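Undergrad: Attaching a single structure in structure tokens format; questions to follow.
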Amino acid sequence: MESLPRTDEEAAAELARLAEQIAHHNRRYHTDDAPEISDAEFDALVRRNGAIEAAFPDLIRADSPSRQIGAAPSGHLSEVAHALPMFSLNNGFSDEDIAEFVGRVRRFLALADDARVPLTAEPKIDGLSCSLRYEQGRLVQALTRGDGRVGEDVTENVRTIADIPATLPADGIGTPDVFEVRGEVYMAKADFAALNARLLAEAADPEKARQFANPRNAAAGSLRQKDASVTASRPLRFLAWGWGEVSVLPGELQTQVIGAIRKLGFPVSDLFTGPVALDEALAQYRRIETQRADLPFDIDGVVYKVDRLDWQDRLGSVGRAPRWAIAHKFPAEKAQTTLERIDIQVGRTGKLTPVARLEPVTVGGVVVTNATLHNADEIARLGVRPGDRVVLQRAGDVIPQIVENLTRDVERELWTFPTHCPVEFGGCGSEAVREEGEVDIRCTGGLICPAQRQERLRHFVSRGALDIEGLGEKTIEEFIALGWVREPADIFHLADHREALLAREGWQEKSVANLLDAIEAKRSPDAARLLFGLGIRHIGIVTARDLLKRLERFEALETLADEIIALRDAMTPALGEEDQKFRNRVDKAIAEHIGIDNIGAAVGNALADFFHEPHNRKVWHDLLAVVSPPPFVVEARESEVSGKTLVFTGSLETLSRDEAKAQAEALGARVAGSVSARTDLVIAGPGAGSKLKKAEELGIAVIDEAAWAQIVAAAR
């Protein structure tokens, strides 16, 4: 891995870029079923993010990829909230990573260094995660993972899959009131090949035949059909690996519950094993790896889980992933091909992303033709030009990573990155610049840039933002071309064009009415979704929620931005102070003013920069003239610390600091790292020092660990 950033500013800038990149690729994989990079390349981004967060823990972002799950649902199926979140998994890539995972479990649970941690091990199948809800023994609902909180309703489609029982046998484990079985919908390799052959044979024009790139995409596309009869015609299978909401658990161990799920008639991998110690789990990984090519389905690693469910409950989750499970990924596969040309894509934030167009090559059974080149620095590092032979690396999906350039011809001119937003790729010709400390080059055109305007508006109405049904990419493009929509507020004036829209080809009375009704239904949108939809840099949906937890009112964001602008303007360098130290001091002041754990100066500056531009203020005020988001309400378990700010200090004797923080957040409290006038309660253990002293000076209530345990117990 490349060296870590040297300063807080460099680290914050790279964490911001990584958050944006990883969120984009999550959407492409989970929502669109059209990934742009390989699993290996995606995992490398996640590892880089984790390494920087470990080195700069104070800069962990509220929208950090380490706190995200999947991506928003795709949009054409109805969405339903999961009873319990469907988490994704953190990844490990070596035996040492897995040993460290076990070490973290021991430390979190305050176990001895040599304490045995029983694990289960099973193949990580490459399919589409699905949750099956049974009530009184009957299948009543099936949801995809979606973004982990909300999934797509695929109940009728799932009923066509032979592996999934419509009712649970009464002689299995009894008939629980509620039992959610979770697992993977997949397509076997042989069935995938047969499906592509059938689609080719049935096509009127073989050159235009629909062909799936790999079994995972085939399974995802087949399950997400609007017409369940199409799903029924596709050879889908199911493999169970876990559960969600259950009224009565049939066991106290992962192995026992999985055994009960098998007894209910659900397929479970024959390679599932447990409970095993670490060395036995790693041995199972090697056995599965040797069988990988001969398995009937694609896998990309092995999943380990802590076997004891009481330990799982204590470990809980952090961000997007449980602390009690990890995926041990397989090494990548490689191939060689020719780089034919380099195109530029302009994203909604103005980022110019170079894309390698490749001579088609098969890597691990999949034909690939594209790869992202990330940025100008990556192109310079590789020294790639059209015509070069390159080495690709793939680890589980369609688009690989270019890892080596085999053509180092010094006489050929290097490919140069454009200095202006490329018109030939949908840009505006505005100057393209690289901000200080950034690796990405961005178009400065903003909403005047056609590429950005369309992407920003598409994002505004997307599933994760305002979720306006009927405003897809092509419709947005049509309305922009007509001059009807240039900024978000214009969407709410589309009713003014009703008659003109009815006169256009493809629009009927019903479709126009549906669109306008869908727009009207968003006049009082969720405040966090509305903020996320504006596409302000560094403000993802998690950050938007965290900001509004404190501010409550959407309109208060402008006031906060003005306060940050005034704070920046008021601060001047001290005599002889170095520029970097001054910037660090300003950033610290901004973070303290915001006063939200894990939200720092990057978010504050982005908010201030947005409102500093007059045209953005106009966009904001125009939008508030047509929508009225209600106050943001946070759902949390009621307790005596709900809504309060807590600080833990000193040594905790019965639980780890991470577990204490997780308990506090589950009770609706916020945990801060330092004591201030906004602190409501301090929990002090032995050895508490300056924080305890400051709390006493400020007259803040202080309790010990035993009193904290009573608060937690009372809330259960």
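Undergrad: Could you work out how much longer the chain between ARG341 and ALA513 gets when fully extended? Use 0.36 nm per residue separation minus the Cα distance between them, nm to one decimal.
TA: On the way: separation 172, 0.36 × 172 = 61.92 nm, distance 4.48 nm.
The span from ARG341 to ALA513 would gain 57.4 nm if fully extended.
Undergrad: A further question follows. Using only the Cα atoms of the range 79-329, what are the Rg and Dmax in Å?
TA: When restricted to the Cα atoms of the range 79-329, Rg and Dmax are 18.9, 67 Å.
Undergrad: Restricting to Cα pairs below 8 Å that are 6+ residues apart, what does the relative contact order work out to for the range 527-624? Please round to a whole percent.
TA: Details: 73 pairs, mean separation 28.4, N = 98.
Relative contact order comes out at 29 percent.
Undergrad: Tell me, in nm to one decimal, what length is gained between THR419 and ILE703 on full extension, where the rule is 0.36 nm per residue of separation less the Cα-Cα distance?
TA: Numbers: separation 284, 0.36 × 284 = 102.24 nm, distance 5.92 nm.
Full extension of this stretch gives 96.3 nm more.
Undergrad: I need to check one value: relative contact order of the chain, counting alpha carbon pairs closer than 8 Å and at least 6 residues apart, in percent. Mind showing how you got there, number by number?
TA: Working: 1339 pairs, mean separation 87.1, N = 716.
That works out to 12 percent.
Undergrad: Could you pull out the GluC sites (Glu not before Pro) across the range 140-229 that fall in loop regions by DSSP (anything but H, G, I, E, B) with no more than 16 other Cβ atoms inside 10 Å? If you can, show how the numbers build up before the last one.
TA: Working: sites: GLU152, GLU156, GLU180, GLU184, GLU202, GLU207; in loops: none.
Sparse-neighbourhood loop GluC sites (Glu not before Pro): none present.
Undergrad: Order by neighbour count: LEU315, LEU295, LEU482, LEU457, fewest other Cβ atoms within 10 Å first, most last.
TA: Details: LEU315 22, LEU295 16, LEU482 12, LEU457 26.
Fewest to most other Cβ atoms nearby, the residues stand as LEU482, LEU295, LEU315, LEU457.
Undergrad: Counting pairs of alpha carbon atoms under 8 Å apart in space and at least six apart in sequence, what relative contact order in percent does the range 653-716 give?
TA: Values: 45 pairs, mean separation 19.6, N = 64.
Relative contact order of the range 653-716: 31 percent.
Undergrad: Right, another one. Let me make sure I get this right: for the range 333-424, a, b and c are the square roots of the gyration tensor eigenvalues over alpha carbons, sorted descending. Under 1.5 in a/c it's rounded, otherwise prolate if a/b > b/c, else oblate. Which is it? Please report the intermediate quantities before stating the final value.
TA: Working: a/c = 2.10, a/b = 1.27, b/c = 1.65.
Cα axes put the range 333-424 in the oblate bin.
Undergrad: Turning to a different aspect of this structure: Between their Cα atoms, which of LYS351/LYS661; LYS226/LYS474; LYS189/LYS474; LYS124/LYS661; LYS124/LYS263 are more than 25 Å away from each other?
TA: Numbers: LYS351/LYS661 36 Å; LYS226/LYS474 19 Å; LYS189/LYS474 34 Å; LYS124/LYS661 30 Å; LYS124/LYS263 21 Å.
As for pairs spanning more than 25 Å Cα to Cα, those are LYS351/LYS661; LYS189/LYS474; LYS124/LYS661.
Undergrad: How do THR7, THR416 line up, fewest other C-beta atoms within 10 Å first? Let's see the in-between values first.
TA: Values: THR7 13, THR416 10.
Fewest-to-most Cβ neighbours within 10 Å comes out as THR416, THR7.
Undergrad: Report Rg (one decimal) and Dmax (nearest whole number) for the chain, counting Cα atoms only, units Å.
TA: Just the Cα atoms of the chain yield Rg and Dmax of 26.5, 81 Å.
Undergrad: Could you calculate the contour length gain from ARG106 to ARG287, that is, 0.36 nm times the residue separation minus the distance between their Cα atoms, to one decimal place in nm? Walk me through the intermediate numbers first.
TA: Values: separation 181, 0.36 × 181 = 65.16 nm, distance 2.62 nm.
My answer for the length gained is 62.5 nm.
Undergrad: Then there is this: Starting from the range 609-716, pick out the GluC sites (Glu not before Pro) whose DSSP state is loop and whose Cβ has at most 13 other Cβ atoms within 10 Å.
TA: Values: sites: GLU635, GLU638, GLU640, GLU653, GLU659, GLU665, GLU696, GLU697, GLU705; in loops: GLU635, GLU638, GLU640, GLU653.
Sites meeting the loop and neighbour criteria: GLU635, GLU638, GLU640, GLU653.
Undergrad: So, one more: For every helix of n ≥ 4 consecutive DSSP H residues, a contribution of -39,500 (n - 2.57) applies; sum these over the chain, divide by its total residues, and give [θ] at 222 nm rounded to the nearest 500 deg cm²/dmol.
TA: Details: 25 runs with 263 residues, N = 716.
The helix-only estimate for the chain comes to -11000 deg cm²/dmol at 222 nm.
Undergrad: In units of 2.2 N^0.38 Å, what is the alpha-carbon radius of gyration of the range 420-538? It would help to have the intermediate numbers written out before the result.
TA: On the way: Rg = 15.9 Å, N = 119, 2.2 N^0.38 = 13.5 Å.
Normalised by 2.2 N^0.38 Å, the Cα Rg of the range 420-538 equals 1.18.
Undergrad: Could you order the peptides 336-342, 19-25 from most to least packed, using the average number of other C-beta atoms within 10 Å per residue? Write down the numbers at each step before the final one.
TA: Working: 336-342: 16.6, 19-25: 21.1.
Going from most to least packed, we get 19-25, 336-342.
Taken together, the values in this text are just the output of simple stated rules run on the coordinates, not laboratory data. Treat the numbers as computed from the prediction; the structure is a model and nothing was measured. Every residue, glycine among them, receives a Cβ derived from its backbone with ideal geometry; neighbour counts consider all protein chains shown.
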